[in-house]
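*Asks:* Quick one: structure below, then a few questions.
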Amino acid sequence: MAPYELERARQSGRWMRDAHKERSPPFYAMGEDGLELRKAWLAGCDEQDEQIRRKR
């Protein structure tokens, strides 16, 4: 898995949280690669959620 792919998935999770979408990652692929991408997406979503809470 290329590092830029994981970062892109993480950024996508941040943007989805900014858009107030639910915390449900897309199904990128099956297997270990897809699992890593979903984890990165969730991490980005959680990071953005934490930033939103801090601003309040």
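The values are calculated or read from the model by the stated rules, or taken from the named source; none is laboratory data. In this text, all values refer to a predicted model and were calculated from it rather than measured experimentally. Neighbour counts run over all protein chains shown; Cβ positions are idealised from the backbone, glycine included. Calculation scope for accessible area: heavy atoms of the full protein, side chains included, ligands and nucleic acids excluded. Shrake-Rupley method; radii C 1.70, N 1.55, O 1.52, S 1.80 Å.
*Asks:* Filter the chymotrypsin sites (Phe, Trp or Tyr not before Pro) in the stretch 1-42 down to the DSSP loop ones having no more than 13 other Cβ atoms within 10 Å, then list what survives.
*Replies:* Loop-located and lightly packed - 27.
*Asks:* Within the accessible area of the chain, what % is carbon and sulfur when the probe is 1.4 Å and the other protein chains stay in place?
*Replies:* 52 percent
*Asks:* Follow-up question, since we're still on this one. In the full protein assembly as shown, how much of residue 39 is accessible to a 1.4 Å probe, in Å² to the nearest 10?
*Replies:* Number for this one is 130 Å².
*Asks:* Which value, to two decimals, describes the C-alpha radius of gyration of the chain once divided by 2.2 N^0.38 Å? Numbers along the way, then the final one.
*Replies:* Numbers: Rg = 11.3 Å, N = 56, 2.2 N^0.38 = 10.2 Å.
Taking the Cα Rg and dividing by 2.2 N^0.38 Å, one obtains 1.12.
*Asks:* Going 7 Å from the Cα of residue 53 toward and past its Cβ, which residues in the stretch 1-33 have a backbone nitrogen under 17 Å from where you end up?
*Replies:* 14, 17-18, 20-24
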